[in-house]
Structures are given as C-alpha cells and as structure tokens.
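The values are calculated or read from the model by the stated rules, or taken from the named source; none is laboratory data. The shown structure was predicted, so the numbers you read here are calculated from the model rather than taken from an experiment. Heads up, the Cβs are rebuilt from the backbone with ideal geometry, glycines too, and the neighbour counts pull from every protein chain shown.
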Amino acid sequence: MMGTLRIGTRGSPLALAQARMVATALRGTHGWGPEHIEIVPITTTGDIVRDRPLAEIGGKGLWTKELDACLGDGRTDISVHSMKDVETFRPAELEIAAMLPRASVSDRLIGAASLAALPAGARVGTSSPRRAAQILARRPDLVIVPFRGNVETRLRKLQQGEADATLLASAGLERLEHDEIGVVLDDFLPAPAQGAVGIEVRSSDRRMRALIAAIDHRPTHLCVRAERRLLEGLGGTCRSPIAALAQLDGDTIHLRGEILTPDGGEVERCDERFAADDLDTPLEIARCLLGKASPALRALFAG
C-alpha cells in the first residue's frame, strides 16, 4: 500500500469503535502497520441535533451526508457506517464495497427484567418507530417518550429518570463492552441491517474497491442486501415501522419481516425463502405485504 488510508467515521464512541474494527481487519488482511491507517472523525448533523426525531429534520441522511461529502471530494478514502443508519438509496458515485461479520441483531431492554415486568403506564424511551410499534403491539398500556442520542447519552437519560426503560441494540452495547447491560428481547425482529458495519468507497476508485472487498464477509453482505431490497420495495422512511431479518442457509436466504402501524395495532408479516442471488423476490415480498395491509398501514409507505 502507498500512503495512508483515511477512514471517515462519525465521532461517537460506537462509531469510532466500529472504525477501529475496520482498521484492524484491513491491517490483518493486508499486513499493514498502524501508520498506514488514519481514522478521521466527522461531525454529522444527526450528532448535533438530538432533540427532535430524525424524520422531522431530514431522516437517515443526517448520519451520512457529511461523510459522503468528505469521501466524494477526497478528504477521506473510505467511510464506515452502521448499515441500519444508511439510506436505502445511495449516491451513484459511492458504493458499499464490504461489510464486516454481523454482530448480534437483537434488541435489549434496559430498566426492567422483561416487558411484562413493567408496570402499567411505564415510560419507555425510544425514538425508533419500529421499536415503539413493537412495544405497543405487546403492551399498549405503555407510554413511549422520545429518546435520542448515542448509547451513553441514552443510558444517562435512563439513569436520570427521563424514562423507566429503554431499548438498545445488542451489537452497540457489545462493541462498547457493555455486554452485561439489559435483557435480550428474542421475539423482536430487528431493524433492517441491524448489527452490520459497512465500508463505502468511491465507485470510480477500483484500487480502493479491491482493497476493501478483501475484508468483505459475504454472508453478511448477502443478508443485509436482501433486507435493504425489502426496504426498497416497501418505500419506507424514518417514519415507517419496519423490521426485517435475513439469514443465510446454504445458498438460500430466509427472510422474515413485518410492517406495523405506529400504535402496534396492525402487524403484517412475511416469512419466505429464496435464492441468495435473487434480488427480485424481496421486492415481490414487499408488494405482498403492502397488498395485505390496511389503507392506514399502507399510507405509511411510498412503495
């Protein structure tokens, strides 16, 4: 390798931990020394504006647009993303060249031993439409309160009594060495691409694409691609409660998904298998889900 590879990343503790994971994978694969990689923290709009839901201030692009600008004009060579925070449609000049092996996809409940253990009317902090809808589908008596910020911020808000409980992704807690926190919610399907770390490059940079592709974990890439194709077919936004999980079984993808009304009162589910290289079936599954949905639920989607 010639020169230093500059990794663009958000500056949160979790984002930096994920960037270090990518750096470690690249060093191990290519035999580079520490001097060959520089991590470049970039402040995004999503990091600055924390008092309103994403959907009100621009959606998932608030996590990526500053990273995209730095990558596009050559200030960085690659960007590292939590794939669940990446918009469904990306700029043509950028490409997700690799994904690391996926971590746990589960959510964890923090503040109570189980959802059933929460008293009636308890406040659950989350700004995720998916999590809110899934909670209310099981416990319509609970009260959802907005909860934004990085992992440490949300844990601090919980300790300060702003909510009685909250939900966080297991992957983020584990990457921050908080393995002991919370109770795994096995019956919650995750957000599409939850637990996956993606590495993006300029599409025109063939040399960089090849270097990054060398650390790609193909099973993760195939599964996340299927989940994102379902998302594409649904036409969902930050306001749309969507859950999806694809798992690879040989050459077959097993895809489960659900769409919900915000109050959890209606849930439409899918459970299908198809060839791992089939990009069309997730779109057909999305059409089927929307076809079964009531007008109120269908109105949450643009697909």
Could you list, in sequence order, the residues of the stretch 72-109 that are touching a Gly at 6+ places or on another chain (Cβ under 6 Å), over 30 Å from Val124 (Cβ atoms) and hydrophobic (A, V, I, L, M, F, W, C)? Ile96, Met99
Quick one: Ala97 ticks every box in (1) in a loop (DSSP other than H, G, I, E, B); (2) closer than 30 Å to Gly72 by Cα bar one, so which box is it? (1)
Scan the stretch 144-156 and give yes if some residue there is in contact (Cβ under 8 Å) with a residue 60 or more places away in the chain, farther than 22 Å from Gly195 by Cβ and either among the polar types (S, T, N, Q) or assigned by TED's automatic domain parsing to the domain that holds Glu177 (or both), otherwise no. yes
Could you list, in sequence order, all residues of the stretch 169-187 that are crowded, with 21+ Cβ neighbours inside 10 Å and more than 20 Å from Pro119 (Cα to Cα)? Ala169, Ser170, Ala171, Gly172, Leu173, Arg175
Does the stretch 211-227 contain at least one residue that is in contact with a Leu (Cβ under 8 Å, 6 or more places away or on another chain), surrounded by 17 or more Cβ atoms within 10 Å (Cβ to Cβ) and farther than 30 Å from Gly28 by Cα? no
Tell me, which residue of the stretch 132-163 that is surrounded by fewer than 18 Cβ atoms within 10 Å (Cβ to Cβ) and touching a Lys or Arg at 6+ places or on another chain (Cβ under 6 Å) is farthest from Ile181 (Cα to Cα)? Val143
The lone condition Glu268 fails out of (1) free of Cβ contacts under 8 Å to residues at least 60 places away in the same chain; (2) farther than 30 Å from Asp141 by Cβ; (3) not aliphatic (A, V, I, L, M) is (2)
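How about the stretch 246-303: which of its residues are in a strand (DSSP E or B) and either out of contact with any helix residue (DSSP H, G or I) (no Cβ under 7 Å at 6 or more places or on another chain) or assigned by TED's automatic domain parsing to the domain that holds Val145 (or both)? Can you show your working first?
Of the stretch 246-303, the ones in a strand (DSSP E or B) are 246-249, 252-260, 267-275.
Within the stretch 246-303, Asp249, Thr252, His254, Arg256, Glu258, Arg269, Asp271, Arg273, Ala275 qualify.
Any residue at all in the stretch 101-123 that is of a type in the set (Asp, Glu) and surrounded by fewer than 21 Cβ atoms within 10 Å (Cβ to Cβ)? Spell out how you get there, then give the answer.
So in the stretch 101-123, the residues of a type in the set (Asp, Glu) come out as 107.
Applying the additional criterion that residues be surrounded by fewer than 21 Cβ atoms within 10 Å (Cβ to Cβ) yields none.
Scanning the stretch 101-123, I find no residue that is of a type in the set (Asp, Glu) and surrounded by fewer than 21 Cβ atoms within 10 Å (Cβ to Cβ), so the answer is no.
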Among (1) closer than 30 Å to Val40 by Cβ; (2) touching a Ser or Thr at 6+ places or on another chain (Cβ under 8 Å); (3) modelled with pLDDT of 95 or more, there is one condition Ala132 misses while meeting the rest; what is its number? (1)
State whether the residues of the stretch 80-90 include one that is at pLDDT 95 or above, aliphatic (A, V, I, L, M) and part of a loop (DSSP other than H, G, I, E, B). no
Within the stretch 157-175, residues part of a helix (DSSP H, G or I) and within 16 Å of Gln194 (Cβ to Cβ) come out as Ser170, Ala171, Gly172, Leu173, Glu174, Arg175
Return the pair list, or none, for Cβ contacts closer than 6 Å from residues in the stretch 218-244 that are acidic (Asp, Glu) to residues that are at pLDDT 95 or above, at least 6 apart or on different chains. Glu227/Pro192; Glu227/Ala193; Glu227/Ala244; Glu227/Ala246
Here are some conditions: (1) crowded, with 20+ Cβ neighbours inside 10 Å; (2) over 23 Å from Arg10 (Cβ atoms); (3) in contact with a Pro (Cβ under 9 Å, 6 or more places away or on another chain). Gly236 meets all but one. Which one does it not meet? (2)
